[in-house]
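> Before I ask anything, here is the structure I am working with.
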Amino acid sequence: MLRYILKRFLTMIVTIWIIVTITFVLMISIPGSPLNEERGTSESVQRNLESYYNLDQPYHIQYILYLKSIVTLDFGPSIKQPNQTVNDLLGQGFPISFELGMVTILVALLSGVTLGIIAALKHNGFIDYMAMSVAVLGISIPNFVLSTLLIQQLAVNLNLLPPATWASPLHMVLPVAALATGPMAIIARLTRSTMLEVLTQDYIKMARAKGLSPWKIVIKHALKNALMPVITIIGTLLAGILTGTFVIEKIFAIPGMGRYFVESINQRDYPVIMGTTVFYSVFLVVMLFLVDIIYGLLDPRIKLHKKEGE
Amino acid sequence: MKNWLLFVVTVCVLLLTACTTSNTRADIQEHEGEKTVLYMNNGKEPTSFNPPSGFDDVSWNALNNLMEGLTRLGKNDRPQPAIAERWDISENGKIYTFYLRENANWSNGDPVTAYDFEYAWEQLLNPENLSPAAFLGYLIEGGEAYNNGNGPKDKVGVRAVDEKTLEVTLTAPTGFFLHVISNPAFFPVNKKVATENPDWHTEAETFVSNGPFILEKWKHNSHMIFAKNDQYWDKDTVQIDIVHWAMVEDTNTEYQMFQTGDLDMTSIPSEIADQLIEDKNVVIEEQAGLSFFRFNVTMEPFQNEKIRKAFALAINQQDIVDYVTRNREEAAHGFVSPGFVNPDGGDFRGITGDLVVFDPKKARRLLKEGMEEEGYDALPDVNLSYNTSESNKAIAETMQAMFKENLGVDVRLGNIEWGVFLEDQKALKLQFSRSSFIYDYGDPVNFLESFTTDSTMNRTGWSNEDYDKLIRLAKTESNEIKRWDYMYEAERILAEEMPIFPIHYYNQVHLYSDSVRGIVRHPVGYLELKWARKD
């Protein structure tokens, strides 16, 4: 197990290095400079700005400086928000984005799995069709459309919930709903199909024969196996939710870090581009790694296989 | 195992939720009740509250209400005495002596002194500080040289004579100087505070202000809370106790928050502008600025004046504002926007009149003549470029149809992402491109000087010696009447040679809640809450 983790860890470092390098190359190859303002500044100010942000250095030096900033975890000041460092921006924005993302994945998991189980148990019945229609709808509606719709109906017309900003648990309801619907639908469909498969297996019949209650069979025996594929796709869903937060944060005026990711590219704010990309990729790679470990813990076959392999 | 993991994740999430939400909620609630709270939207995080650094409207709108310069623009958009109680101007118009109010204080109780202004303006011009607004200080003697690293600090013409007297020497008599110094870039900085802590302006805890409000709370990228400043010399005028600034970027969300009462004022989403603009609570104010197109006179066929004019006269500006932008902008038939008043009280626009008026017949004739002059059998390809946005696209497509209909010319359209667009336009790589200008201060020369030969704002390749000379004179003439004559003349040259042509002037359209009155927006952009009321 330890060797497995170590190997995965090394792969992670290499992955991140590749991402950083590709980002750097892409970044310097987009035309336009962070210092190219509508109104030109005087030449000496321009020169000072360039040397302050190391933009007057050749690219390979800039690249090494970026690598250094990543290793030391200090991305320096933002070019467009001169009073804040990239670390400040990440420090303010990440906890909020993380909170939004985690609550979303939790809500998507709980509701998706529940919906999937119900649909599987009432296979081909009315409830099954209803649940799957909701799921198809959830997959097809883009979250930005859903957000606007939710704000208009629940906040403006019915006045039940606050429309936007991030101030209380109530403020979380709409953005989480908008963001969780897609993943929820995917999880529901997946749970349903694997559940159906599991329910036909012999050990379930055995459990039934032993006279266990139907709920106990589902929760204790069927679900554990039915959830394996769901856990596998959590990593992918997480990536989807992360990119989803870019849009949702803007619509709901949530002070997370999604906006920097998009804005920094538009503004060619190099340190922020590097900072957010590295941060997101590290986060995502680590999450995928954790999912793999959990997967290993939950599925005895994987552990067995590793041991045999050694 | 699974249950255990789920449990841990849930607990973590709930804990996180609890700690992040509880304090923001408290901020807002503690102010409700007896106090008058105004809910505003700043769009996004201010770039900087350090007066010399924040050079954009997201900084200025808020900062203009926290601090105050020597002058402040009044309800009529003209400079009024503010921290300076009065001033003398020397015979030659170059030396201004400002007398500061005895009762002008900082929010920490320190008096506002001439040294604070001297310090702040030196910061503005200091080349080390990289201020984007530094060029505004070039009006001051020695300012440009110091900012370019060619002159010493002590040659800059700003001198504190004593605590309450500031003497400023200008490079030339500048009729609009009192207007320029109302700009937040010229606000004072508390020297004592700033020398002790250079980062005084980055957090609410250390921020000292001298204007109508103090910065009570600033949660970066989330919201700000201003409270009435009881140290402000004119505090009796201020009627609002608390201003809550949200930072909502999306216009649809902003409008929805207005509908639910979470904001007292909103801009109007363009998709529903034509329905909302009839609302009785919509206030349309001028914004000094021009939406226009640049010809590149170094590229065929726009080296030819007649062809340029043909393209300009083929555009029906009125139709564009009526059917495309639908935001009640005024169609532009001149270059300088309306609202600039000359020494006799006449409007610049009224004096030079309509210079670019839709005339398809004349346009066709000019195109024919121009093509003959150049010996063209067929017009070289014309590519119109705009920076990517839905509204720019709509205007460009309308223009494409107008060129087809009125000139019989097929114009190709191309959209380019902003950063690249700007670089290409500056490098004269675009043949025919969309442009806009928003004034920094209230004088026509601010716009007109963009088209002098060596201006970075020119971007047309156009150069005219007479024009350059007129602009030089318009920046140095002490006789205001003559100075305005030079500017009229310069505008006529622009219309005569047409290196650019106008589409519409800008405006500011906002929807206010029933209870709010007295918010003033100046044509140069920034906003005043000093006279605001909420019943």
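The values are calculated or read from the model by the stated rules, or taken from the named source; none is laboratory data. As the structure is a prediction and not an experimental result, all values here were calculated from the model. When we count neighbours, we look across all protein chains shown, and the Cβ atoms used for this are built from the backbone with ideal geometry, even at glycine. The protein model used for the area step is the full one, side chains on, heavy atoms only, and it has no ligands, DNA or RNA in it. Shrake-Rupley method; radii C 1.70, N 1.55, O 1.52, S 1.80 Å.
> Answer rounded, prolate or oblate for the stretch B:221-379, using the Cα gyration tensor with square roots of eigenvalues a ≥ b ≥ c: rounded when a/c is under 1.5, else prolate when a/b is larger than b/c, else oblate.
Cα axes put the stretch B:221-379 in the prolate bin.
> Compute the separation of the alpha-carbon centres of the stretch A:44-82 and the stretch B:172-243 and state it in Å as a whole number.
31
> Let me ask something else about it. Taking a probe of 1.4 Å, how large is the accessible area per residue of chain B, in Å²?
Per-residue accessible area for chain B comes out at 40 Å².
> What residues does the stretch B:255-275 have that are buried by at least 10 Å² of accessible area in the full protein assembly compared to the chain on its own, 1.4 angstrom probe?
The answer is B:Gln256, B:Met257, B:Gln259, B:Thr260, B:Asp262.
> Ignoring ligands, DNA and RNA, how much accessible area is buried between chains B and A, both sides summed, with a 1.4 Å probe, to the nearest 100 Å²?
Adding both sides of the contact gives about 4700 Å².
> Continuing with this model, one more query. Just read off the accessible area of B:Glu423 with the full protein assembly in place, 1.4 Å probe, to the nearest 10 Å².
Solvent-accessible area, nearest 10 Å²: 70 Å².
> In the full protein assembly as shown, how much of A:Thr236 is accessible to a 1.4 Å probe, in Å² to the nearest 10?
It works out to around 100 Å².
> Still on this model: Applying the Karplus parametrisation 6.51 cos²θ - 1.76 cosθ + 1.60 with θ = phi - 60° to the phi angles of the stretch B:350-355, what ³J(HN,Hα) value in whole Hz is obtained for each residue in order, glycine and proline being reported as x?
With coefficients 6.51, -1.76 and 1.60, one gets x, 7, 7, x, 7, 10 Hz.
> Give the long-range amide H neighbours of B:Glu417: residues separated by 5 or more places, or on another chain, with amide H under 5 Å away, using H modelled in the peptide plane at 1.01 Å from N.
For B:Glu417, whose amide H was placed from the backbone, the distant partners under 5 Å are B:Thr388.
> While we're here: For a test of the definition: using alpha carbon positions, the gyration tensor, and the 1.5 limit on a/c, classify chain B as rounded, prolate or oblate.
Oblate, because a/c is 1.5 or more while a/b does not exceed b/c.
> A follow-up question, please. Work out which residues of the stretch B:430-470 lose at minimum 40 square angstrom of accessible surface when the other protein chains are put back, relative to the chain isolated, with a 1.4 angstrom probe, and list them by number.
B:Met457
> OK, next. Please give every one of the lysines within straight-line cross-link reach of B:Lys75, meaning a C-alpha to C-alpha distance under 19 Å, and leave out same-chain neighbours fewer than 8 residues apart.
Straight-distance partners of B:Lys75: B:Lys235, B:Lys530, B:Lys534.
> Just tell me, in residue order, which DSSP H segments of chain B are both 30 angstrom or longer along the helix axis (alpha-carbon based) and at least -0.5 in mean Kyte-Doolittle hydropathy.
Qualifying helices: B:2-29.
> Of A:Val86, A:Val71, A:Leu49, which is farthest towards the positive pole of the stretch A:1-97's charge dipole, taken about the Cα centre with +1 and -1 on the beta-carbons of Lys, Arg and Asp, Glu respectively?
A:Val71
> Measure nothing but the geometry: give the 0 to 90° angle between the long axis through the Cα atoms of A:43-52 and the longest principal axis through the Cα atoms of chain A, rounded to 10°.
That helix lies at roughly 50 degrees to the long axis.
> While we're looking at this one, here's another question. Go through B:Lys309/B:Lys482; B:Lys309/B:Lys362; B:Lys306/B:Lys404 and tell me which ones have a Cα-Cα distance over 20 Å in this structure.
Pairs exceeding the cut-off: B:Lys309/B:Lys482.
> Which of the residues in the stretch A:137-175 show a loss of at least 50 Å² in accessible area from their chain by itself to the complete set of protein chains, at a probe of 1.4 Å?
Buried by 50 Å² or more upon assembly, which counts only protein chains, are A:Val156, A:Pro163, A:Ala167.
> Give me, ordered by chain and number, the residues 5 or more places off B:Gln80 or on other chains with an amide H under 5 Å from its own placed amide H.
Answer set, sorted by chain and number: B:Arg72, B:Leu73, B:Gly74.
> Where does each of B:Ser107, A:Ser44 land when they are ordered by accessible area, with a 1.4 Å probe and the largest first?
From most accessible down to least: B:Ser107, A:Ser44.
> Here's a follow-up. Determine the order of B:Ile181, A:Ile61 by accessible area, beginning with the largest, at a probe radius of 1.4 Å.
Sorted by accessible area, descending: A:Ile61, B:Ile181.
> Might you work out the accessible area of A:Thr243 for me, using a 1.4 Å probe with all protein chains in place, and round it to the nearest 10 Å²?
Its heavy atoms expose roughly 80 Å² to the probe.
> Please work out how much length the chain gains when fully extended from A:Thr148 to A:Glu43, using 0.36 nm per residue of separation minus the C-alpha to C-alpha distance, in nm with one decimal.
33.2 nm
> Go ahead and set up a Gaussian network model of chain A, Cα springs under 10 Å, then flag whichever of A:Ile118, A:Ile186, A:Ile30 fluctuates most.
A:Ile30
> Using a 1.4 Å probe on the protein chains only, how many percent of the accessible area of the stretch B:286-508 belongs to carbon and sulfur?
Of the solvent-accessible surface of the stretch B:286-508, carbon and sulfur hold 45 percent.
> Cross-link candidates for B:Lys164: which lysines have Cα within less than 18 Å, leaving aside residues fewer than 8 places away along the same chain?
Qualifying lysines at Cα under 18 Å: B:Lys191, B:Lys192.
> Next up: Determine the order of B:Lys235, B:Lys534 by accessible area, beginning with the largest, at a probe radius of 1.4 Å.
The ordering from most to least exposed comes out as B:Lys235, B:Lys534.
> Right, another one. Heavy-atom accessible area per residue, the stretch A:88-301, 1.4 Å probe: how many Å²?
On a per-residue basis, 42 Å².
> Could you give the size of the charge dipole of the stretch A:88-301 about its Cα centre, using +1 on the Cβ of each K and R and -1 on the Cβ of each D and E, expressed in debye and rounded to the nearest 20?
840
> Still on this structure, please answer the following. Loop only by DSSP, 10 or fewer other Cβ within 10 Å of the Cβ. Give me the trypsin sites (Lys or Arg not before Pro) in the stretch A:1-86 that pass, ordered by residue number.
none
> Give, rounded to the nearest 20 debye, the magnitude of the charge dipole that the stretch B:286-508 has about its Cα centre when Lys and Arg contribute +1 at Cβ and Asp and Glu contribute -1 at Cβ.
With only Lys, Arg, Asp and Glu charged at Cβ, the dipole is about 340 debye.
> Please give, to one decimal in nm, the separation of the simple spin-label points placed at B:Arg364 and B:Tyr323, each 7 Å out from Cα toward the Cβ.
Between B:Arg364 and B:Tyr323, the label points sit 1.9 nm apart.
> Going by alpha carbons, how many degrees (0 to 90, nearest 10) lie between the helix axis of A:2-29 and the longest principal axis of chain A?
That works out to roughly 40 degrees.
> Something else about it: When the dipole is taken about the Cα centre of the protein assembly as shown, and only Lys, Arg (+1) and Asp, Glu (-1) are charged at their Cβ, what size is it in debye, to the nearest 20?
It works out to roughly 4500 debye.
> Report, in degrees rounded to the nearest 10, the 0 to 90 angle that the Cα long axis of helix A:126-140 makes with the longest principal axis of chain A.
10
> If you roll a 1.4 Å probe over the stretch A:88-301 with all protein chains in place, what percent of the accessible area is carbon or sulfur?
Ligands and nucleic acids excluded, carbon and sulfur give 71 percent.
> Please give the contour-minus-distance gain from A:Phe9 to A:His123: 0.36 nm per residue of separation, less the Cα-Cα distance, rounded to one decimal in nm.
Going from the current span to full extension adds 36.8 nm.
> Per residue, what accessible area does the stretch A:2-71 have, given a 1.4 Å probe and all protein chains present, in Å²?
64
> Let me ask another. Would you mind estimating how fast the protein assembly as shown diffuses translationally, via Stokes-Einstein at 20 °C and 1.002 mPa s with the Kirkwood radius over Cα pairs, in µm²/s?
The calculation lands on 71 µm²/s.
> Using a 1.4 Å probe on the protein chains only, how many percent of the accessible area of the stretch B:57-201 belongs to carbon and sulfur?
C and S fraction of accessible area: 45 percent.
> Please state the shape class of the stretch B:313-363: rounded when a/c is under 1.5, otherwise prolate if a/b exceeds b/c and oblate if not, all from the C-alpha gyration tensor.
oblate
> Suppose only helical runs count, i.e. DSSP H with n ≥ 4. What mean residue ellipticity at 222 nm does that imply for chain B under -39500 (n - 2.57) per run, divided by all residues and rounded to the nearest 500 deg cm²/dmol?
-9500 deg cm²/dmol
> I've got another one for you. With the dipole of the stretch A:81-228 worked out from charges on the C-beta (+1 for Lys and Arg, -1 for Asp and Glu) around the Cα centre, which of A:Ile117, A:Ala188, A:Ile105 lies farthest toward the positive end?
Farthest along the dipole direction, towards plus: A:Ile117.
> Also, I was wondering about something else. Given a Förster distance of 51 angstrom, what is the FRET efficiency for B:Gln275 paired with B:Arg159, based on the Cβ-Cβ distance and rounded to 0.05?
My answer for the efficiency is 0.35.
> Something else now. Roughly how many Å is it from the Cα centre of the stretch A:100-142 to that of the stretch B:289-364, as a whole number?
Rounded to whole Å, the Cα centres lie 58 Å apart.
> Would you work out which of A:Met228, A:Phe261, A:Tyr203 lies farthest towards the positive end of the dipole of chain A? Charges go on Cβ: Lys and Arg +1, Asp and Glu -1.
The residue sitting most towards the positive pole is A:Tyr203.
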